[in-house]
Amino acid sequence: SLFLQISVLENVMVGQHCRTRHEFVGCGLRTPGQRREERAIRDAALSWIDYVGLGHQASEPAGALAFGQRRMVELARALATDPELLLLGEPASGLNMSETDDFGKLVRKIRETGITVLLVEHDMSLVMDISDEILVLDNGITIAEGPPAAIQNDPNVIAVYLGSDFEHVTASQKS
């Protein structure tokens, strides 16, 4: 969750402070090394804000942004931690269709950088659009695993998520 009273830039900078070398005393004394590190953090944060498409809003308070834009700031802050694996839990929840589409494009762009993205999501159009591999659970038990096309046609997935009546309707439409 974001700090709504501080700027977008400051919110993203928070994500990088876990990787800083200067401790409390160096920050308090504002040593040359600490000032250099803070400039580097600021520059990197600005680049992540640009990456998610909010560069023009870096100085605005996070609380002034629309809901979908706040999600992008959260994503920029997560990216600022320099992850190898990015776990996203229900990131499309509350987003409209346009925002969800933009989010999907951004996740594909993130994957292209070499960051692995693990997505826990119920928006199946988003999942099918951006996933290489899908793991489907029913009450914590794996019922299907594979590429999107295989998951869409998996009888177990259809029965669990659409109901067994759907399976009979689908079968009767094919005949």
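The values are calculated or read from the model by the stated rules, or taken from the named source; none is laboratory data. All of these numbers come straight from a predicted model, not from anything done at the bench. Reconstructed Cβ throughout: ideal geometry from the backbone, glycine too, with neighbour counts over all protein chains shown. Heads up: the accessible areas ignore ligands, DNA and RNA and are worked out on the full protein's heavy atoms, side chains in. Shrake-Rupley method; radii C 1.70, N 1.55, O 1.52, S 1.80 Å.
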Just the number please: accessible area per residue for segment 63-107, 1.4 Å probe, all protein chains included, in Å². 47
Taking the Cα centre of segment 56-175 as origin and charging only Cβ (+1 Lys, Arg; -1 Asp, Glu), how large is the dipole, in debye to the nearest 20? 260
Which cross-chain or sequence-distant (5 or more) residues have an amide H under 5 Å from the amide H of E121, H modelled 1.01 Å from N in plane? E90
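Rounded, prolate or oblate, given the Cα gyration tensor of segment 79-132, with a/c below 1.5 counting as rounded?
Values: a/c = 1.71, a/b = 1.66, b/c = 1.03.
It is prolate, given that a/c is not under 1.5 and a/b is the larger ratio.
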I134's amide H: which non-local residues (gap 5+, or another chain) put their own amide H closer than 5 Å, with H modeled 1.01 Å from N in plane and none for Pro or chain starts? G146
Residue-wise, which Karplus ³J(HN,Hα) couplings in Hz belong to segment 47-64, taking 6.51 cos²θ - 1.76 cosθ + 1.60, θ = phi - 60°, and x for glycine or proline? 5, 5, 5, 4, 4, 8, x, 10, x, 6, 10, 4, 8, 6, x, 4, x, 7
Given a 1.4 angstrom probe, I'd like the percentage of the accessible area of segment 33-175 that is carbon and sulfur, rounded to a whole number. 53
Residue-wise, which Karplus ³J(HN,Hα) couplings in Hz belong to segment 139-155, taking 6.51 cos²θ - 1.76 cosθ + 1.60, θ = phi - 60°, and x for glycine or proline? 6, x, 10, 5, 10, 7, 8, x, x, x, 4, 5, 5, 4, 9, 6, x
